[in-house]
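One structure is given below, encoded as structure tokens.
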Amino acid sequence: IRNVDIKASSTDDMTTAGNAAADYLTENFITGNTYVYKAANLLEQASQLQALATSTSQQLIWIAGISLLVGGIGVMNIMLVSVTERTREIGLKKALGAKRRRILAQFLTEAATLTSLGGLLGVVVGIALARLISSASGTPSAISVPACVVAVVVSMVIGIIFGLIPAAKAAKMNAIDALRRD
């Protein structure tokens, strides 16, 4: 007998039933001590796979977090350069009566738009690569629409959070000093 399939009454009894069947087969069908039947513990294998998946997920979360931080810092730098280059424009707007809130909203909108477009482009490239790899390897791919929406929204929120400092810097500028600057 090479294989035996046993159905246990519950998952708790699987290991006990498997070991009992292996012992029974070894005692009744093996002559001599050359071979021994063994029971495969599927619960243990499943728990090992689950532990591996959990560890991999945690590592991916750390990598994604670091990537978001680096991307946010990049957005902040771009927005700071934009504020510096547009100092005269900001001064002119303030001289014409623009409120701090309006300038703050302008730069936050710019940061949110920039990162939303980046997130959308990333989702499109990700879907295209998933389809390409799926067709090349012959394995199916599943694309989650809610996950795609969440990805774009998270990228927009990162833009708003990291765009706050440059937008606040632009909003706090003095109109006369901004117009004098070259």
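The values are calculated or read from the model by the stated rules, or taken from the named source; none is laboratory data. Just so it is clear, the model here is predicted, and its values are computed rather than measured. Positions of Cβ are backbone-derived with ideal geometry, glycine not excepted, and every protein chain shown enters the neighbour counts. Ligands, DNA and RNA are excluded from the accessible area calculation, which covers all protein heavy atoms including side chains. Shrake-Rupley method; radii C 1.70, N 1.55, O 1.52, S 1.80 Å.
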Accessible area of Arg181, 1.4 Å probe, to the nearest 10 Å²? 130 Å²
Using packing as a proxy for protection, rank 65-75, 136-146, 157-167 so that the peptide with the highest average count of other Cβ atoms within 10 Å comes first. 157-167, 65-75, 136-146
Along each principal axis of its Cα atoms, how long is region 4-104 end to end? Whole angstroms, biggest number first, please. 100, 29, 14
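Would you work out what percent of the accessible area of the chain, with all protein chains in place, is carbon or sulfur (probe 1.4 Å)? Walk me through the numbers on the way to the answer.
Details: 8520 of 13280 Å².
Roughly 64 percent, rounded to a whole number.
With every protein chain left in place, what is the accessible area per residue of the chain in square angstrom, probe 1.4 Å?
Values: 13280 Å² over 182 residues.
Averaged over the residues of the chain, the accessible area is 73 Å².
For the chain, build the convex hull from the C-alpha positions and give me its volume per residue in Å³.
On the way: hull volume 35.7 nm³, N = 182.
Dividing the Cα hull volume of the chain by its residue count gives 196 Å³.
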Just grab the label-to-label distance for Thr54 and Leu132, each label 7 Å out from Cα along the Cβ direction, in nm (one decimal). 3.6 nm
Mean separation of Cα contacts under 8 Å (at least 6 apart) over the residue count of the chain, i.e. the relative contact order in percent, is 30 percent
Using a Förster distance of 30 Å, how high is the FRET efficiency between Arg88 and Leu120, based on the Cβ-Cβ distance and rounded to 0.05? 0.40
Between Ser67 and Arg101, what is the label-point separation in nm under the 7 Å Cα-to-beta-carbon projection? 3.8 nm
Under Karplus coefficients 6.51, -1.76 and 1.60, residue-wise ³J(HN,Hα) of region 46-59 in Hz, glycine/proline x: 5, 5, 5, 5, 5, 5, 5, 5, 5, 4, 5, 5, 5, 5
P(r) for region 81-150: what percent of alpha-carbon pairs falls in each 5 Å bin, starting at zero? 3, 13, 16, 15, 10, 9, 8, 8, 7, 5, 4, 2, 0
